[in-house]
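Here's the structure, in structure tokens; my notes come after.
The values are calculated or read from the model by the stated rules, or taken from the named source; none is laboratory data. None of these values were measured; they are calculated from a predicted model. Quick reminder, even Gly has a Cβ in these numbers, built from the backbone with ideal geometry, and neighbours come from all protein chains shown. Accessible surface areas use protein heavy atoms only, side chains included; no ligands, DNA or RNA. Shrake-Rupley method; radii C 1.70, N 1.55, O 1.52, S 1.80 Å.
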Amino acid sequence: MAGDIILELDRLSVGYTDEPVVVDFSAAIHEGSVTTVIGPNGAGKSTLLRAIYGLNRHFSGSVRFFGRAIEKLPPRERLKLGIGFVPQGRCNFPLMTVRENLELGAYTLRGPVVVAAIERVLAQFPLLAAKLSVLAGNLSGGEQQILEIAMVLEAGPKLLLLDEPSLGLSPANQDQIFATIADLRGRGLTVMVVEQNAHGALQISDTGIVMELGRLFMAGPAAEVIADPRIKVAYLGGERT
């Protein structure tokens, strides 16, 4: 069961240049939950995740993490507080081995903590332990995504932000990623996902958020979002009545 609120967004407006992309957005994310954000291209989903991590321009509103206002903090400070971010697209070092990627993923750590962090994620993801000497670029798409998640998990985040983790993957690899997300929740991690595979992600989520044109369109239990006729038609392949 989800716990207390870990992240609270209150009337948040963020963007990149002179105009906000996400406007007057409010939401509360509960500890130990998986929240999936869906919506059409250009709805502001990735911009929202980047804003939580501090990667774009803040216009107004607040971002509170465990009750602390963080909207003015740079990304490195948010990472220290316990927010991890895996951006969209491949973000590993393809010509380096899995081991070398994990060593780089622990760049914020020092001394014996580095070894402990690597051992922890290898225990969590045995498939990486079996491929330590393999170049990251030679892994499957799903394995590369898991490597990138593992690299971020080395810092021990309390909230993990995932931007389109299943994008471009085969159905089998997508299933692997969704199973990994569900397992992370089982280990007590809070996860917020932006996903184009709405049905697959919502099935393993506690909460669903729907965005349209930079604004909140709908939010609620994932089962209710899946069952909503409007969402079925727009994102889940349902038929118009």
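For the reader, a short list of remarks on this structure follows.
- Flag if ARG187 is closer than 21 Å to ILE6 by Cβ and modelled with pLDDT under 95: yes
- Restricting LEU102, LEU95 to those that are crowded, with 17+ Cβ neighbours inside 10 Å, in contact with a helix residue (DSSP H, G or I) (Cβ under 9 Å, 6 or more places away or on another chain) and at pLDDT 95 or above reduces the list to LEU102.
- Boolean, MET192 is of a type in the set (A, V, I, L, M), out of contact with any His (no Cβ under 8 Å at 6 or more places or on another chain) and surrounded by fewer than 21 Cβ atoms within 10 Å (Cβ to Cβ): no
- Residue count for segment 1-50, restricted to those that are closer than 26 Å to ALA179 by Cβ, hydrophobic (A, V, I, L, M, F, W, C) and outside any strand (DSSP E or B): 4
- Which listed residue, of LEU147, LEU167, LEU160, is out of contact with any Phe, Trp or Tyr (no Cβ under 7 Å at 6 or more places or on another chain), open to solvent by less than 10 Å² (accessible area, probe 1.4 Å) and not in a helix (DSSP H, G or I): LEU160
- Search result, residues across segment 46-55 that are among the hydrophobic types (A, V, I, L, M, F, W, C) and crowded, with 18+ Cβ neighbours inside 10 Å: LEU48, LEU49, ALA51, ILE52
- Taken over segment 1-20, the residue count meeting the criterion of being surrounded by fewer than 21 Cβ atoms within 10 Å (Cβ to Cβ) and under 18 Å from the mean Cα position of the chain (by Cα) is 3.
- If you filter segment 121-137 down to residues that are loosely packed, with under 14 Cβ neighbours inside 10 Å and in contact (Cβ under 8 Å) with a residue 24 or more places away in the chain, you find that the one that is nearest to ILE181 (Cα to Cα) is GLY137.
- Close contacts from segment 177-199, counting a first residue that is closer than 13 Å to LEU162 by Cα and a second that is outside any loop (DSSP other than H, G, I, E, B) and charged (D, E, K, R), with Cβ to Cβ under 7 Å and a gap of 6+ residues or different chains, come to VAL191/ARG185; VAL194/LYS45; VAL194/ASP163.
- Tally, over segment 56-92, of residues that are assigned to a strand (DSSP E or B) and either open to solvent by 40 Å² or more (accessible area, probe 1.4 Å) or basic (Lys, Arg) (or both): 7
- Among the residues of this structure, VAL23 does not count as one that is touching a helix residue (DSSP H, G or I) at 6+ places or on another chain (Cβ under 6 Å) and either open to solvent by 50 Å² or more (accessible area, probe 1.4 Å) or β-branched (Val, Ile, Thr) (or both).
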